[in-house]
């Protein structure tokens, strides 16, 4: 695989890229608009003849077969598009977010470690210097690790009572150990950004709580 497809040792393409069917979007500088594409290792194929948007493409009943049939002559090189994306070179074709006219929803529960850190951040009011103190307080209130608690179980209900009594209950804990899964709108149409794109972070922010997430598009 080309070194240009590598981000500090972590490939921007999945490990099974040789057999995967990868769909995305590229900004086409020639037409001045987005193009739906398929990526196969270092080749990028224009799928505009199949669909003008990813949402339209995903509605096709013959999606996989149609995409594979359309992958004849590559129009771009993945390595070149990745480089343009990471250098934010708008004068060259670059990757956009792979979703377009779909509203992005989140569904499920929050990772335990992230959930606890969110509660701590909420209680600290953004003051990172109080994090250790608050983490210890939450741990004492629970009498151990929350990671062993099964969401929706009697033990979870008891933990909720304890945390409410200690003034530590949070909406994040309701998501993590409550009886019901959470479904909410993560982002509206056309609000997500692509590889290498800049994002806005408040200049006063000093707290970093990254959270891994899985993405699934239902068709």
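What follows is calculated from the coordinates using simple rules that are stated; it is not laboratory data. Quick caveat: nothing in here was measured; it's all calculated off a predicted structure. Here the Cβ positions follow ideal geometry from the backbone for every residue, glycine too, while neighbour counts run over all protein chains shown.
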(request) Distance from a point 7 Å along Cα→Cβ of residue 49 to each backbone N in the range 21-43: keep the residues under 17 Å and list them by number. (result) 35-39
(message) Need one word for the range 49-119: rounded, prolate or oblate. Basis is the Cα gyration tensor (sqrt eigenvalues a ≥ b ≥ c); a/c below 1.5 gives rounded, then a/b vs b/c decides.
(response) oblate
(message) Tell me whether the range 3-103 comes out rounded, prolate or oblate; compute the Cα gyration tensor, take square roots of the eigenvalues as a ≥ b ≥ c, and use a/c under 1.5 as the rounded threshold.
(response) oblate
(request) Taking the Cβ of each residue in 36, 175, 193, 54 as the centre, tally the other Cβ atoms inside 10 Å and list the residues starting with the fewest. (result) 193, 175, 54, 36
(request) Would you mind ranking 105, 77 so that the residue whose beta carbon has the fewest other beta carbons within 10 Å leads the list? (result) 105, 77
